[in-house]
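The values are calculated or read from the model by the stated rules, or taken from the named source; none is laboratory data. Here the structure is a predicted model, which means the values were calculated and not measured. All Cβ positions, glycine included, derive from the backbone under ideal geometry; neighbour counts span all protein chains shown. Please note that ligands, DNA and RNA were not included when accessible areas were found on the heavy atoms of the full protein model with its side chains. Shrake-Rupley method; radii C 1.70, N 1.55, O 1.52, S 1.80 Å.
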Amino acid sequence: YSAATTVTFSLATLSQAYRVAVYPLMARYASQSPVELACLYRGSIRLLSMLVLPSVAGIALLSLRIVHIAFGDGFLEASQPLRILVFALIFMFLNVAESRMMLVHDRQHASLAFLILSTTVNIVAGLALIPQNGAVGAALARLLSAALYFFLNHLYVSRHLSKCDYFALILRPLVATLLMIPPVYLAKDAPLLIPITVGASTYVAVLWALGGISVDDRAFLRQVISDRCGFGYQGSKR
């Protein structure tokens, strides 16, 4: 299980980096420009889904190869909990936008209550699943906890703070990810760099063809990276 968490949470640092970059901008917009804040919220969901969906699919497909290269033959059983635990990354990434919205609107009390509830579910589910399922049970418990925490935050934000068509925001990255899976699966037994290159190329090509990487998105990403320059995100207000 420790091998599975090492792989999973090494990628989680990307979401943490984005969280650090986007929070000052969201805090400024919360007090100065609610319209820009809504744009930043939606843009964050798009960008985070573009990053996490193909990453999760790729790791799930190549988990055995990844564990073998990273930890050796003695840890191959870690590939099974890794295939489950890696899906928690979806909720961890997407929750960045939700939890930052809660914070900039001073709703920490609600977010803390959701965190306590999800942690309790993680503990109870772990006690129920680990004795019979071992590391797989621990991975399932963590996935359930991460999903619950995300959905509670999302439901609160959508009901009280900012409504958006969530499915429309993640649809193109989701389609591109689904179309990426077959070529990666066919190439999964080749040297690891090959399925990774095939998957990344297919994903980017499909996402571009679907119009999933727009001028607004590129401008949005540049703005987040330079979040202290003082200029607002001028993307589409869709």
Can you report the number of residues in segment 169-192 which are more than 22 Å from the chain's Cα centre (by Cα) and open to solvent by less than 60 Å² (accessible area, probe 1.4 Å)? 5
Under 25 Å from residue 207 (Cα atoms) and not hydroxyl-bearing (Ser, Thr, Tyr): which single residue out of 4, 17 fits that description? 17
Any chance residue 187 is touching a Gly at 6+ places or on another chain (Cβ under 9 Å), among the aliphatic types (A, V, I, L, M) and over 19 Å from residue 52 (Cβ atoms): yes
Can you name every residue in segment 19-55 that is closer than 14 Å to residue 97 by Cβ, within 11 Å of the chain's Cα centre (by Cα) and open to solvent by less than 40 Å² (accessible area, probe 1.4 Å)? 44, 45, 47, 48, 49, 50, 52
Return the pairs, sorted by first residue and then second, in which the second residue is assigned to a helix (DSSP H, G or I), the first residue lies in segment 116-131 and is of a type in the set (S, T, N, Q), the beta carbons are less than 6 Å apart, and the residues are 6+ apart or on different chains. 118/145; 118/148; 118/149; 122/141; 122/145
Segment 71-121 - residue that is among the hydroxyl-bearing types (Ser, Thr, Tyr) and open to solvent by 40 Å² or more (accessible area, probe 1.4 Å) and, of those, farthest from residue 59 (Cα to Cα): 120
In segment 122-142, which residue that is of a type in the set (A, V, I, L, M) and open to solvent by 40 Å² or more (accessible area, probe 1.4 Å) is nearest to the chain's Cα centre (by Cα)? 140
